[in-house]
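Here is the structure we will look at, set down as structure tokens.
Nothing in this text is a laboratory measurement; each read-out follows from the coordinates by a stated rule. Here the structure is a predicted model, which means the values were calculated and not measured. Methodologically, a virtual Cβ is constructed for each residue, glycine included, from the backbone with ideal geometry; neighbour enumeration extends over all protein chains shown.
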């Protein structure tokens, strides 16, 4: 491959900056990242392991910590699949069909992003709490939502439901419905079309949405905090447990448990970049690239 | 299998896409729906294929009403404008798709599917691409794979939406001759949509000219070109010069308001005035391949007339820019304005 003339002649290309400018920009960006992301991340692990591995393990093996981890996993294990089904259904409807109220549905999907998590938690308390609209009815039937596990699952679903739908809508809109129409004209049923044509086309976008949704489901603090009631060993998730430990000046334990969330973040980032790479790879096969 | 279309109407909101269409497609023929974009030709094709639903009117396949058969059940092969190949499947799997989604009791065994897919790929002369993905193919190759995929389910009717629209000129010409030959081999009733008059005239047995949701004319390519039924067809197919009766009453030979349509190659030129000839001044002379195109003005700054002469004819009467010549139409068609 030959270099363009501009480069050989050392002439300035319109979109190139001088070395000094490049260096300044990179330095600014990196120091910013270091200051706001790198140092705190380092601090979490430094504080957690500051008094040695023994205390670190002890903090993680505490029964209350275990119960918090368990509850977090349960909430994510229900919220993510629920939003997977909802997200695919909503994106499918929005991208492939024209119907009345479509823009209202799109706005509603964005709602949890627009509302503060604390407010979303409060909405659930107002609806299902002892003094709430459905409170008396729930008490009569001996159903406990608020200050109990079901409430935590509900708000987690609410807070995370835009992630998968938001990821899929633009993707499915860009892909159009030609392939689905082709499948149907070839005699495929609705389910066959969905599983054989639609799902394979969106699988990487879907996985990307699932990863983001999961990270948020496990890390959510505000909304869960409002409905949980902070009952130790019962209704504490990992983020809530960290807060309690910290408020009790139990720093080693607080940071040890927090390091789990930090690890989750790192794993998420890693998985995300792999998926991003795959998505790019899929889209990059050039129309006329005859190479193999 | 023949197709009969009766009083078909389609509205999108206030827009009338199809206005009371009546049409007969004969069994085994290759029919072109020709018209400018937005004339309703694609809507008509999609409704025949069951991908859209008409507001009123009926469609019969071989005399049978297909109203209650959706796209799955119509046994129609549809070739999409942008091919709509399944991007995550190899060429082989694309063609095999229609065979694999058949209900269990109708489905062939794997070796039979393999045999039939390779047979189809040979038919479209692309057997060597079986393991490629659609994105690794050129436009012309994709179009042929899309056709092979549509033929895999042995459709009774083949519908093609702008089949050559996205290809460059040379590939387009090759591919449409190939499609014509293929049709002569298979004799599947086929309808294709195009906005390219040359394509329609070259490939089709019959041409349906459409405009603003109406059928303007149905006829053989020759018929449509030589005997346009309306001013629209005259203008849409081939170049044409317009002469208004007010200024050129001599030619229109009509009392009222009328317009005379004359094709550029139906105009004779001479250097001396003749009976009912018109003096014009040559403004431009362009030799394009085997023909010479002249642009001339009637009177001072008047209307422009396009004249097309064969090279031999031009050599007999060579004219240059600025010359005054006399033109006379050999053939003329008058429509009331």
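Would you work out the relative contact order for the range B:19-113, in percent, from Cα pairs under 8 angstrom that are 6 or more residues apart?
Details: 36 pairs, mean separation 12.9, N = 95.
The normalised contact order for the range B:19-113 reaches 14 percent.
Sorting check: for A:79-89, B:38-48, which peptide has the highest mean count of neighbouring beta carbons within 10 Å, and how do the rest follow?
On the way: A:79-89: 18.6, B:38-48: 22.9.
The peptides rank, most packed first, as B:38-48, A:79-89.
Would you mind giving the average projected area, over all directions, of the Cα convex hull of chain B in nm² with one decimal?
Values: hull surface 85.9 nm².
The directionally averaged projection comes out at 21.5 nm².
Hey, what's the Cα Rg ratio for chain A versus the globular rule of thumb, 2.2 N^0.38 Å? Walk me through the intermediate numbers first.
On the way: Rg = 24.4 Å, N = 292, 2.2 N^0.38 = 19.0 Å.
Against the compact-globule rule of thumb, the ratio is 1.28.
Mind jotting down the distance between the C-alpha centroids of the range A:122-177 and the range A:189-253, whole Å?
13
Arrange the peptides B:258-265, B:178-185 so that the one whose residues have, on average, the most other Cβ atoms within 10 Å appears first.
Numbers: B:258-265: 20.4, B:178-185: 14.8.
By packing density, highest mean first, the sequence is B:258-265, B:178-185.
Counting other beta carbons within 10 Å of each Cβ, put A:177, B:105 in order, fewest first. Each step should come with its number before you reach the end.
Working: A:177 18, B:105 5.
So the residues, fewest neighbours to most, are B:105, A:177.
For chain B, give me the percentage of DSSP beta bridges that are antiparallel, rounded to the nearest 5 percent. Before the final figure, lay out each step's value.
Working: 50 of 68 bridges.
Within chain B, antiparallel bridges account for around 75 percent of the total.
For B:147-160, what's the mean count of beta carbons from other chains sitting within 10 Å of each residue's beta carbon? Could the numbers behind the result be given before it?
Values: counts 0, 0, 3, 3, 0, 2, 3, 0, 3, 0, 0, 0, 1, 0.
Mean partner shielding for this stretch: 1.
Would you mind calculating the relative contact order of the range B:70-143 from Cα pairs under 8 angstrom and at least 6 residues apart, reporting the percent as a whole number? Don't skip to the end; give the middle numbers.
Working: 42 pairs, mean separation 31.3, N = 74.
So the answer I get is 42 percent.
Shape verdict for the range B:52-172, please, from the Cα gyration tensor: rounded (a/c under 1.5), prolate (a/b greater than b/c) or oblate. Please report the intermediate quantities before stating the final value.
Working: a/c = 2.29, a/b = 1.26, b/c = 1.82.
Note, shape of the range B:52-172 comes out oblate.
If you fit an axis through the alpha-carbon atoms of helix B:110-123 and take the longest principal axis of the Cα set of chain B, what angle between them do you get, 0 to 90°, nearest 10?
So the inclination is approximately 10 degrees.
Tell me, Kirkwood radius of the range B:35-99 from alpha-carbon pair distances, in Å?
On the way: mean 1/r = 0.0724 Å⁻¹.
Kirkwood hydrodynamic radius for the range B:35-99: 13.8 Å.
If you project the alpha carbons of the range A:110-256 onto their three principal axes, what span does each projection cover, largest first, in Å?
Largest to smallest, the principal-axis extents are 64, 43, 26 Å.
If one takes the longest principal axis of the Cα atoms in chain B, at what angle in degrees, from 0 to 90 and to the nearest 10, does the Cα axis of helix B:139-151 lie?
Tilt relative to chain B: about 50 degrees.
Answer rounded, prolate or oblate for the protein assembly as shown, using the Cα gyration tensor with square roots of eigenvalues a ≥ b ≥ c: rounded when a/c is under 1.5, else prolate when a/b is larger than b/c, else oblate.
Values: a/c = 2.60, a/b = 2.10, b/c = 1.24.
Because a/c hits 1.5 or more and a/b exceeds b/c, the protein assembly as shown counts as prolate.
Shielding of B:123-136 by partners, i.e. mean partner chain Cβ atoms within 10 Å per residue? Walk me through the numbers before you get to the answer.
On the way: counts 0, 0, 0, 0, 0, 0, 1, 0, 1, 2, 3, 2, 8, 8.
Per residue, the average neighbour count from other chains is 2.
For chain A, what is the relative contact order in percent, using Cα pairs closer than 8 Å and at least 6 residues apart in sequence?
Values: 309 pairs, mean separation 83.1, N = 292.
Result for chain A is 28 percent.
Based on other C-beta atoms within 10 Å, arrange A:116, B:277 from fewest to most.
Numbers: A:116 10, B:277 17.
Final ranking by Cβ density, sparse to dense: A:116, B:277.
Let me know the shape class of the range A:221-278, please: from the alpha-carbon gyration tensor, a ≥ b ≥ c as square roots of the eigenvalues, rounded when a/c is under 1.5, otherwise prolate if a/b is greater than b/c, or oblate.
On the way: a/c = 3.77, a/b = 1.86, b/c = 2.03.
Oblate.
Just rank B:210, A:172, fewest to most, by other beta-carbon atoms within 10 angstrom.
A:172, B:210
Can you tell me the 0 to 90 degree angle between the C-alpha axis of helix B:169-186 and the longest principal axis of chain B, rounded to 10?
With rounding to tens, the tilt is 60 degrees.
Considering only DSSP beta bridges with both partners in the range B:105-251, what is the antiparallel share in %, to the nearest 5?
The antiparallel fraction comes to roughly 50 percent.
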